[in-house]
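Participant: Here it is: the structure, laid out below.
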Amino acid sequence: MSLIPLLDRSAATDQLKLAMRTLVAQPWGNAQSCDVLVCRRGMPAVKVERVLTQLLTELPDARIERIEIDARSGCADFSGHLTVHIGDAVRVFDFVWDCRWRAAEEGWTDHWGEPDQIRAAREFGWRCFSVWSERAPAHARASLGVPNGISQLA
């Protein structure tokens, strides 16, 4: 599924939907930040679109007002976190989109015996998330005694 049908059904604000449609219209350059869709560093628009597609799949009924993405892009991956503003609530999601991981999971190899990341990206598109997890809310993190809601094992 592409982002556009999800946008049509989404409860996100009109301003955010417009920003997402602008992003989709120019997928081959760097994502352009605006007030409601903030990219904290240079990142490919096509990879930002994949993260937004996952988000709207997870939260189709949320009235999302603003999104901030802080991520780094590699050849086969895109990892970071997404801060989502819904009214007075702020939700944070950690993610790793990784077509190499998806290819290995599927058992697909290329001519050199490496995971066929090109095939995985083409066939799975946005569905190559090896990690998609929501951090605990700030009040829950405080009670757990961990700074970001993700416990660290020794």
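Residues checked against (1) farther than 17 Å from His81 by Cβ; (2) within 22 Å of the chain's Cα centre (by Cα); (3) at pLDDT below 95:
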site: Ala104; (1), (2), (3): yes, yes, no
site: Trp112; (1), (2), (3): yes, no, no
site: Glu123; (1), (2), (3): yes, yes, no
site: Val131; (1), (2), (3): no, yes, no
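Participant: Which of (1) touching a residue at least 40 places away in the same chain (Cβ under 8 Å); (2) in a helix (DSSP H, G or I) is the odd one out, the single condition Asp94 does not satisfy?
Facilitator: Against the list (1) touching a residue at least 40 places away in the same chain (Cβ under 8 Å); (2) in a helix (DSSP H, G or I), Asp94 comes up short only on (2).
Participant: Another question about this same structure. Which of the residues belonging to the range 20-33 are in a loop (DSSP other than H, G, I, E, B) and either surrounded by 19 or more Cβ atoms within 10 Å (Cβ to Cβ) or of a type in the set (Gly, Ala, Ser) (or both)?
Facilitator: Passing the criteria: Gly29, Ala31, Ser33.
Participant: Kindly evaluate Thr22 against the criterion of being under 14 Å from the mean Cα position of the chain (by Cα) and hydroxyl-bearing (Ser, Thr, Tyr).
Facilitator: Here the answer is no, as Thr22 does not meet what is asked.
Participant: In addition: Take the range 74-99 and flag every residue that is basic (Lys, Arg) and surrounded by 21 or more Cβ atoms within 10 Å (Cβ to Cβ).
Facilitator: Answer for the range 74-99, where residues must be basic (Lys, Arg) and surrounded by 21 or more Cβ atoms within 10 Å (Cβ to Cβ): there is none.
Participant: Could you give me the residue pairs with C-beta distances under 6 Å whose first residue belongs to the range 106-121 and is farther than 16 Å from Arg50 by Cβ, whose second residue is among the polar types (S, T, N, Q) wherever it lies, and which are 6+ apart or on separate chains?
Facilitator: Every condition considered, the pairs that remain are Asp116/Thr109.
Yes/no matrix, rows are residues, columns are (1) over 29 Å from Asp116 (Cβ atoms); (2) free of Cβ contacts under 8 Å to residues at least 60 places away in the same chain; (3) surrounded by fewer than 17 Cβ atoms within 10 Å (Cβ to Cβ); (4) not basic (Lys, Arg):
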| residue | (1), (2), (3), (4) |
| --- | --- |
| Leu18 | yes, yes, yes, yes |
| Asp35 | yes, yes, yes, yes |
| Arg40 | yes, yes, yes, no |
| Lys47 | no, yes, no, no |
| Thr53 | no, no, no, yes |
| Ile64 | yes, yes, no, yes |
| Ile69 | no, yes, no, yes |
| Arg72 | no, yes, yes, no |
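Participant: Identify, by number, the condition in (1) of a type outside the set (Asp, Glu); (2) assigned to a loop (DSSP other than H, G, I, E, B); (3) surrounded by 14 or more Cβ atoms within 10 Å (Cβ to Cβ); (4) touching a residue at least 40 places away in the same chain (Cβ under 8 Å) that Ala11 doesn't meet.
Facilitator: (3)
Participant: Oh, and also: Quick one: Arg63 ticks every box in (1) in contact with a Gly (Cβ under 7 Å, 6 or more places away or on another chain); (2) over 26 Å from Ala136 (Cα atoms) bar one, so which box is it?
Facilitator: (2)
Participant: Out of all the residues in the range 73-91, which are in a strand (DSSP E or B) and closer than 19 Å to Arg41 by Cβ?
Facilitator: Across the range 73-91, the qualifying residues are Ser73, Asp77, Phe78, Ser79, Gly80, His81, Leu82, Thr83, Val84.
The values are calculated or read from the model by the stated rules, or taken from the named source; none is laboratory data. Only a predicted model underlies this, so the values are computations on that prediction, with no experimental measurement involved. For neighbour counting, all protein chains shown are included, and Cβ atoms are generated from backbone atoms with ideal geometry for every residue, glycine included.
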